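The values are calculated or read from the model by the stated rules, or taken from the named source; none is laboratory data. Every value quoted in this text rests on a predicted model; they were computed, and no experiment measured them. Because the Cβ atoms are built from the backbone with ideal geometry, glycine has one as well, and the counts that use them run over all protein chains shown. Each accessible area value is taken on the protein alone, full model and side chains, heavy atoms only, with ligands, DNA and RNA left out. Shrake-Rupley method; radii C 1.70, N 1.55, O 1.52, S 1.80 Å.
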Amino acid sequence: MTSALELVNLRKSFGQTEIIRGVDLSIPKGERHAIIGPNGAGKSTLFNLITGRFPQTAGVVELNGQDLAGKAPYEINRLGLSRSFQITNIFPMMTVFENVRCSLLWSRGYKYSFWNLVARSNDLTEAADAILEQINLTARRELPAGVLSYAEQRALEIGITIAGGANVIMLDEPTAGMSHSETDYIVELIRKVTENKTLVMVEHDMGVVFGLADRISVLVYGEIIATGAPEEVRANPRVQEAYLGAAMEAH
Amino acid sequence: MSNASTNSRILFGQPVSVLLPWIIAAIILLILPVFLGSRSQLTILSQMGITIVFALAYNMLLGQGGMLSFGHAVYMGLGSFMCLHVMNATWFGALPLPLLPLIGGFFGLIFAFIIGSFSTRKAGTVFAMISLGIGELFAALVLIVTVFFGGEEGISGYRDEGLPFFGIEFISNLEVYYLISIWMFVAVVLMYLFSRTPVGRMANAVRDNPERAEFLGYSARWVRFASFTVSGFFCGVAGGLSAILFEIATETDLNVTASGAILLITFLGGVGFFWGPIIGAIVFTLLATVLGLQTHLWELYLGVVFVGVVMFFPAGLSGIIMSHVPALKTGKLGTLVMPYITCVLPGVIGGLGIAALVEMSFHVRSGAADEHEMTLFWIDFSTHNVLPWVVPLVIAVVGVGLAVRNAPAFKAAWDNASTLPEAA
């Protein structure tokens, strides 16, 4: 069986500085995988390499067995990978409903067509409404997305990310800047919408990580120093030394 | 939109309430010549129609797609020149005139396709600068390639040399008015429908957040390119209509000033609503023609209005109109009538007083040395008397003073009308 994501000796340098220094990682289909690590470890860079935002310096990224080298973000998305961002990234001037509907268009085969009217497709409207229901934003349907509260915008972004039906979902710090109750809500939402999908997420909140992830990778200075089930990682002395010890004390 | 479904009557597969604005617009276009039937009035109306098509096509970029173009008159102008060359071709006698704008549209599309293929790679400043460069380039070409553009005289032709269309030869202004109105109506409907298609919706998404759109499977560049090409088509149609109406195309049709004017028109009307540029086109054409006949200074007033709108009402005239919707919904629109009379009306009258002083000063400075007589607001007077200076000065001071004094009351009434009362 091919894995959902396969990283082989992935490297990225910005000028003289090597940020990602040879990452090997294999994430099987259907797994919820968390990438953790101290600030500046290169987690977001790794995310951006996988999703095609930056080109890699060396190494291979494979999605469902397909090499992603040289592919633009929109091409990678069409192959079944969808992501959210650390900083909320939605369409602020469009309504909540339209945000979701736009994220459905490509996967539903509308592409660049100018002979269909989107409002005439009941299919599209129903699918968008179903997603709004899932992320509990039905009541906000007609509001411009920019006026939603922070937690609602994060929920909307998750909705946009999953709407296209991608089988690999990547979330970059989905609970950053949220209160406890908001975090609990988002964790439940993530659990619900990533059912039967592969989830890769970067997260700082250890409660979220240990609650959601099947496996965890620890990234330190551009290298993965440990990968495994939450208990194994927690018990790993190198991890404790590099990162978890300090983080656990703080919590 | 969501409330429309409650209306049970259906026409062409749409609820009547959705179609109503279009039906009303069609009827207005049909009966306007009854009230405004003189040659010059029909010409102004026709010019308005052309500007509406151009402004809406421009707003496909500015408002819908988030692309600021400083050279969009190029596509309308080229469409116009192409159509005039067709009008001068020997086979024009075999072409029904109503099809001519299609040819303009075709060439607008071709040029937009070529130029858009590289200019839409990036939005923002890069796109704006390329569009400015293209605008300057073509303005220069007009004076260089005289074989095609006819130099400073431009290219002229005769619309009535085309194949008669069901016996109509389009000699009278009324026939031309109806031809342009029908084309405008069809073009506006098509542009509206385009904004409702997948690529039209994604144009909004790319405008708001190109990076996010890319991670949804859409190439931002292709979406921009598609909007740009379609916009070029409708600009070309406007150019074809202009060729029919004026029977001439010159450098002024595609230079950077013309591009600036359409930006101004679109912004004046407001980019936030589909119909905003229509308001801008109507107001601008009226200022340029009706006011332009009255005073040399009309562009000064246009500039003041434009700066005022941009500074205080960035959503444009359509934004001002739509800001009354909350008051309409609360049912308190009526409470705004008195504040309008006590604040806005004096302000406008005071503004007219200032304009009168400006006109008189201009007359004294620029008129012939011994000519003291002038006419303003249908009143004849001499600028060398004191009274004609005192009257507008008093009007200006009192009018503006009243407006300023009553502004807080106006704002209070406005806020009160726009918010729902506390839950009863």
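Right, residue A:120: within 23 Å of residue A:168 (Cα to Cα) and not polar (S, T, N, Q) or not? Considered against the rule, which asks whether it is within 23 Å of residue A:168 (Cα to Cα) and not polar (S, T, N, Q), residue A:120 comes out as no. Looking at the structure I just gave you, is residue B:341 touching a Phe, Trp or Tyr at 6+ places or on another chain (Cβ under 6 Å) and assigned to a helix (DSSP H, G or I)? No, not satisfied. Residues of segment B:181-199 that are within 7 Å of chain A (Cβ to nearest Cβ) and in a helix (DSSP H, G or I): B:193, B:194, B:198, B:199. Could you list, in sequence order, the residues of segment B:164-189 that are loosely packed, with under 15 Cβ neighbours inside 10 Å and touching a Phe, Trp or Tyr at 6+ places or on another chain (Cβ under 8 Å)? Answer for segment B:164-189, where residues must be loosely packed, with under 15 Cβ neighbours inside 10 Å and touching a Phe, Trp or Tyr at 6+ places or on another chain (Cβ under 8 Å): just B:189.
Yes/no per residue for (1) at pLDDT 90 or above; (2) among the β-branched types (Val, Ile, Thr); (3) in the same structural domain as residue B:134 (by TED's automatic domain parsing):
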| residue | (1), (2), (3) |
| --- | --- |
| B:27 | yes, yes, no |
| B:40 | no, no, yes |
| B:45 | yes, no, yes |
| B:50 | yes, yes, yes |
| B:57 | yes, no, yes |
| B:64 | yes, no, yes |
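Condition check ((1) on the phi < 0 side of the Ramachandran plot; (2) assigned to a helix (DSSP H, G or I); (3) modelled with pLDDT under 90; (4) more than 13 Å from chain B (Cβ to nearest Cβ)) across all residues:
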{"position": "A:71", "(1), (2), (3), (4)": "yes, no, no, no"}
{"position": "A:75", "(1), (2), (3), (4)": "yes, yes, no, no"}
{"position": "A:87", "(1), (2), (3), (4)": "yes, no, yes, no"}
{"position": "A:92", "(1), (2), (3), (4)": "yes, no, no, no"}
{"position": "A:111", "(1), (2), (3), (4)": "no, no, yes, no"}
{"position": "A:130", "(1), (2), (3), (4)": "yes, yes, no, yes"}
{"position": "A:133", "(1), (2), (3), (4)": "yes, yes, no, yes"}
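Please indicate, with yes or no, whether at least one residue in segment A:159-176 is more than 15 Å from the chain's Cα centre (by Cα), open to solvent by 10 Å² or more (accessible area, probe 1.4 Å) and not β-branched (Val, Ile, Thr). No, that holds for no residue.
Of the residues that make up segment B:122-140, is at least one in contact with a Pro (Cβ under 8 Å, 6 or more places away or on another chain) and away from chain A (no Cβ under 14 Å)? Yes: one or more hits.
The set of residues in segment B:206-237 that are modelled with pLDDT of 95 or more and touching a Leu at 6+ places or on another chain (Cβ under 9 Å) comprises B:224, B:227, B:228, B:229, B:230, B:231, B:232, B:233, B:234, B:235, B:236, B:237.
Filtered by the rule that a residue be part of a loop (DSSP other than H, G, I, E, B) and within 18 Å of residue A:233 (Cα to Cα), segment A:187-212 gives A:203, A:204, A:205. Among what's in segment B:200-210 and is open to solvent by 10 Å² or more (accessible area, probe 1.4 Å) and more than 7 Å from every other protein chain (Cβ to nearest Cβ), pick the residue that is nearest to residue B:68 (Cα to Cα). If we take residues in segment B:200-210 being open to solvent by 10 Å² or more (accessible area, probe 1.4 Å) and more than 7 Å from every other protein chain (Cβ to nearest Cβ), then B:207 is nearest to residue B:68 (Cα to Cα). Taken together, the residues in segment A:95-113 that are surrounded by fewer than 18 Cβ atoms within 10 Å (Cβ to Cβ) and more than 25 Å from residue A:152 (Cβ to Cβ) amount to 4. Is segment B:248-266 home to any residue that is closer than 30 Å to residue B:378 by Cα, part of a helix (DSSP H, G or I), in the same structural domain as residue B:155 (by TED's automatic domain parsing) and open to solvent by less than 10 Å² (accessible area, probe 1.4 Å)? The answer is yes, given that some residue of segment B:248-266 is closer than 30 Å to residue B:378 by Cα, part of a helix (DSSP H, G or I), in the same structural domain as residue B:155 (by TED's automatic domain parsing) and open to solvent by less than 10 Å² (accessible area, probe 1.4 Å). Among the candidates B:223, B:237, the residue that is part of a helix (DSSP H, G or I), in contact (Cβ under 8 Å) with a residue 12 or more places away in the chain, within 10 Å of chain A (Cβ to nearest Cβ) and not polar (S, T, N, Q) is uniquely B:223.
Residues checked against (1) in contact with a helix residue (DSSP H, G or I) (Cβ under 8 Å, 6 or more places away or on another chain); (2) among the polar types (S, T, N, Q):
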residue: B:313; (1), (2): yes, no
residue: B:316; (1), (2): yes, no
residue: B:328; (1), (2): no, no
residue: B:344; (1), (2): yes, no
residue: B:351; (1), (2): yes, no
residue: B:364; (1), (2): no, no
residue: B:372; (1), (2): no, no
residue: B:375; (1), (2): no, yes
residue: B:386; (1), (2): no, no
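If you go through segment A:29-59 and pick out every residue that is open to solvent by 50 Å² or more (accessible area, probe 1.4 Å) and either touching a Leu at 6+ places or on another chain (Cβ under 8 Å) or more than 14 Å from chain B (Cβ to nearest Cβ) (or both), you end up with 5. There is no residue in segment B:345-352 that is open to solvent by 80 Å² or more (accessible area, probe 1.4 Å) and over 26 Å from the mean Cα position of the chain (by Cα). Give segment A:208-232 a look and list any residue that's without any contact (Cβ under 8 Å) to a residue 40 or more places away in the chain and over 20 Å from residue A:44 (Cβ atoms), or say none. Listed by number, the residues that qualify are A:210, A:211, A:228, A:229, A:230, A:231, A:232. With respect to (1) open to solvent by less than 40 Å² (accessible area, probe 1.4 Å); (2) touching a helix residue (DSSP H, G or I) at 6+ places or on another chain (Cβ under 8 Å); (3) within 11 Å of another protein chain (Cβ to nearest Cβ), the lone exception for residue A:80 is condition (2).
Kindly check whether there is at least one residue in segment B:315-323 that is open to solvent by 40 Å² or more (accessible area, probe 1.4 Å) and not in a helix (DSSP H, G or I). Among the residues of segment B:315-323, at least one is open to solvent by 40 Å² or more (accessible area, probe 1.4 Å) and not in a helix (DSSP H, G or I), which makes the answer yes.
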